[in-house]
1. Go through 220, 164 for me and flag whichever is surrounded by fewer than 18 Cβ atoms within 10 Å (Cβ to Cβ), in the same structural domain as residue 108 (by TED's automatic domain parsing) and more than 17 Å from residue 313 (Cα to Cα).
2. Quick one: which residue in 177, 173 is at pLDDT below 90, loosely packed, with under 10 Cβ neighbours inside 10 Å and assigned to a loop (DSSP other than H, G, I, E, B)?
3. With respect to the numbered conditions (1) part of a loop (DSSP other than H, G, I, E, B); (2) in contact with a Leu (Cβ under 7 Å, 6 or more places away or on another chain); (3) within 18 Å of residue 241 (Cα to Cα), which one is the sole condition not fulfilled by residue 308?
4. For a quick check of your reading: which strands (runs of 3 or more DSSP E) sit entirely within region 97-139 and have at least 2 residues that are more than 14 Å from residue 161 (Cα to Cα)?
5. Only helices (runs of 4 or more DSSP H) wholly contained in region 1-94 count here; list those with 1 or more residues that are modelled with pLDDT under 65.
6. Could you check region 247-300 and list, in sequence order, the residues that are among the β-branched types (Val, Ile, Thr) and surrounded by 14 or more Cβ atoms within 10 Å (Cβ to Cβ)?
7. Hey, among the residues in region 244-284 that are under 18 Å from residue 300 (Cβ atoms) and among the charged types (D, E, K, R), which one's modelled with the highest pLDDT?
Amino acid sequence: MSDEYMEKNGEMIRQIAKEQGFDEPEKPKDEQMSMKEKVNELVGKLEQGLKEIFDSGKYQDYLNTMAKFHNYSVNNTLLINQQKPEATLVAGYDAWAKNFDRHVKRGEKGIKIIAPSPYMVKKEMPLVDPKTGEHIFNADGTPKMTEVDVKIPAFKISYVYDISQTYGKELPSLGVSELGDSVDRVKDFIQSLKNVSPVPIEFGETKGDSKGFYSPTDQSITIKEGMSDAQTIKTMVHEISHAKLHNPQALKENETPKSHGTIEMEAESVAYIVCQHFGIDTSDYSFGYIAGWSEGKGPEELKASMNSIRDTAGEMINRVEGNLRALEHDRQKEMEEAKVEVAEVSEPGKVTTPTQNQEEGLTNKVPIEKEVTKAGVEAAKEAVQKEQSKAKEEKSEKSEKPKEERKSLKAKLAEKKHEVAKEKKDKTLNKENEKVKGGAR
């Protein structure tokens, strides 16, 4: 039967079927519920699930999910963790096709999340004078009213799918890769943490077994010298978390005072999420104390801590990634500049002639004439490599000198060019002198 026929005659057909004892099957409970009821039911499950992650030893698993989905809300990371804890990258059904040229496999079950779904309503509001900000009244003293559009906040249930539930085009590399063992990457990461810290960070001695500390009085962070790169980074993230979450102003603004246990739990959780996100070893982290800490705390108090952890970790991850990209871009730019400078003296047998612009007097750059000797090229390359190595070491200690180093490098290259050209010119003159002398004989 056509949809049009059913639309016109559906009610009659259903009535006849009912009289004959063929009742329409009852709709599933999920279809009978309104969207508001569905959202409320899901929120109820969330509160129970939030309590369970503290009681059942699954807290660390939840932090792993938060490390992968740091831009998602606490509620939605919890929902993803409950339904598909192994998920690594999620998107909506249409988003996979539109943004990534991938498609959801047939029969895959979506992951429920809560999404904003505001709507507009017309509402009568008192008319206000735009200049004075005061209400405007009618002749009878009643306020003049006007109809305005008002946005009403609301939520709905949406479905997302993990990449493992899709097929199609291979994804490009997303975001910043894991830290790995690269010396440059480690140095960049430490510099990025310094850049995002709200207070200065210095390296020095600490008391006892302390690996580092945040001083609310001095508004500074001190990190113990001589630790491994991984431990240094973990400690830096932990203390930056204290500086962001537990500075005097932040603690003053909290409606409920935070205990020492809450303060340490929040900083340790942020450090775990950030390190897990960037692939730094987190095997030494332990949250065995979390069940005892959460005992007696209501859902609102637990969620408040989780929101603080999520917001701080998400902001730190995003800002560190931005800093790492900027530092990597600067390094690539310097390498390209150095390659160009080396290429100017690294092609034996090449004769450099003035360009059209040079011939027209638009530049005063003087080219090296005729052939450059191989020995001179090798000497120039060696000088450049030594200078680059030296410049790289100095940059890690004094980042404010890169321009002076490049000037020094260019000056030495120019000097080497001049020496090579002079050497060749002298040889040419000697040969011509010998010819003159031979002719005189």
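1. Going through 220, 164 in turn, just one is surrounded by fewer than 18 Cβ atoms within 10 Å (Cβ to Cβ), in the same structural domain as residue 108 (by TED's automatic domain parsing) and more than 17 Å from residue 313 (Cα to Cα): 164.
2. The match here is 173.
3. (1) is the only condition that residue 308 fails.
4. The qualifying strands (runs of 3 or more DSSP E) are 111-116, 119-126.
5. 3-19, 29-32
6. Selection gives 262, 263, 270, 273, 274, 280, 282, 290.
7. Result: 266.
Conditions tested, residue by residue: (1) under 20 Å from the mean Cα position of the chain (by Cα); (2) within 19 Å of residue 291 (Cβ to Cβ).
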{"site": "45", "(1), (2)": "no, no"}
{"site": "54", "(1), (2)": "no, yes"}
{"site": "57", "(1), (2)": "no, yes"}
{"site": "60", "(1), (2)": "no, yes"}
{"site": "63", "(1), (2)": "yes, yes"}
{"site": "70", "(1), (2)": "yes, no"}
{"site": "76", "(1), (2)": "yes, no"}
{"site": "81", "(1), (2)": "no, yes"}
{"site": "84", "(1), (2)": "no, no"}
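The values are calculated or read from the model by the stated rules, or taken from the named source; none is laboratory data. Keep in mind that what you see is a predicted model, and the values were worked out from it rather than measured. Here Cβ is always computed from backbone atoms with ideal geometry, including for glycine, and neighbour counts include all displayed protein chains.
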